[in-house]
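What follows draws every value from the coordinates through simple rules; no lab data is involved. Fair warning: this is a prediction, and the values are worked out from it, not measured in the lab. Positions of Cβ are backbone-derived with ideal geometry, glycine not excepted, and every protein chain shown enters the neighbour counts.
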Amino acid sequence: MKTEKIRDISILLAEDEAELREMLCEYLQLFFNRVYSAACGNEAYDIYQQKRPNIILTDISMPNLDGLDMIAKIREHDKDTKIIVMSAHSEQEKLLQAIKLHLESYLIKPIKNDTLKNVLLETVELIRKTTNRTYVTDTIYWDNDTNTLWGNSKEIKLRKMENLLLKLLFSEPNHCFGAKEIFDYLHEGKDEKEFSIHAITSLMKRIRVKLPNDIIYNIYGSGYKIVPV
């Protein structure tokens, strides 16, 4: 039975042993839509900065920049990314150091698939419970707590009316809002204004310039809606 892949959460694997890295990467791709991999700490840190993965699965001992130093660099400014450490039995001292760096979990090699799967799915569940986001692509989401739009870990700046429009659309994903319904929401509490379809279509054109295609769907004759991934 095919399992639907996790699309709203990404993972970075850092492992210097090529054969193990390839095997783990293939296993992670069974569950995650977005899997990044690195052969050393420096490469992993570069990918982290570019992609901002939600989960990092890293070995402790790696060339150039080891796992401990990489985690320490990340933790200087990021306490939220979930980090899972892999360690050999002989690295107990390093493992004790790593525990101080706010790890989500640690795994002793060799790692059984079921053990890794359980830890990963528990971490995914924790992320989903502690964040309130609606993803429209793999990298673009609406933060329902702050009513802000984000893309590639950066806030997409919106004007007041643009923000109000998205707040309404994201309040009920997959629901089609009519132009009159949108107009009334945008002007609620103000002096009564005459409905203008042109005002809504102009607003849609302006906001779409800031967004990739197919974020806001125009349902002919009905209105507009957001479709999450």
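Observations on the model:
- Region 135-208: chymotrypsin sites (Phe, Trp or Tyr not before Pro) falling in loop per DSSP and having at most 14 other Cβ within 10 Å: Phe195
- Taken over the Cα atoms of region 11-131, the convex hull encloses 98 Å³ per residue.
- Projecting the Cα atoms of Phe32, Ser87, His198 onto the dipole axis of the chain, where Lys and Arg carry +1 and Asp and Glu carry -1 at the beta carbon, places His198 farthest toward the positive end.
- Computed E for Arg7/His198 - FRET, C-beta separation, R0 41 angstrom, nearest 0.05: 0.65
- Here the average projected area of the convex hull drawn through the C-alpha atoms of the chain stands at 15.2 nm².
- For the chain, the dipole from Cβ point charges (+1 on Lys and Arg, -1 on Asp and Glu) about the Cα centre works out to 800 debye, to the nearest 20.
- Computed over the chain, the per-residue total of -39500 (n - 2.57) for DSSP H runs of n ≥ 4 gives a 222 nm mean residue ellipticity of -12000 deg cm²/dmol, rounded to 500.
- Checked against a 30 Å cut-off, the cross-linked pairs Lys51/Lys160; Lys5/Lys205; Lys109/Lys154; Lys73/Lys167 give Cα-Cα distances beyond that limit for Lys5/Lys205; Lys109/Lys154; Lys73/Lys167.
- Charge-dipole axis of the chain as Lys and Arg at +1 and Asp and Glu at -1 on Cβ define it, positive-most pick from Gly221, Leu164, Ser105: Gly221
- Length added when fully stretched, Lys160-Leu30, from 0.36 nm per residue minus Cα-Cα: 42.7 nm
- Cα-Cα P(r), region 135-226, percent of pairs per 10 Å interval: 15, 53, 27, 4, 0
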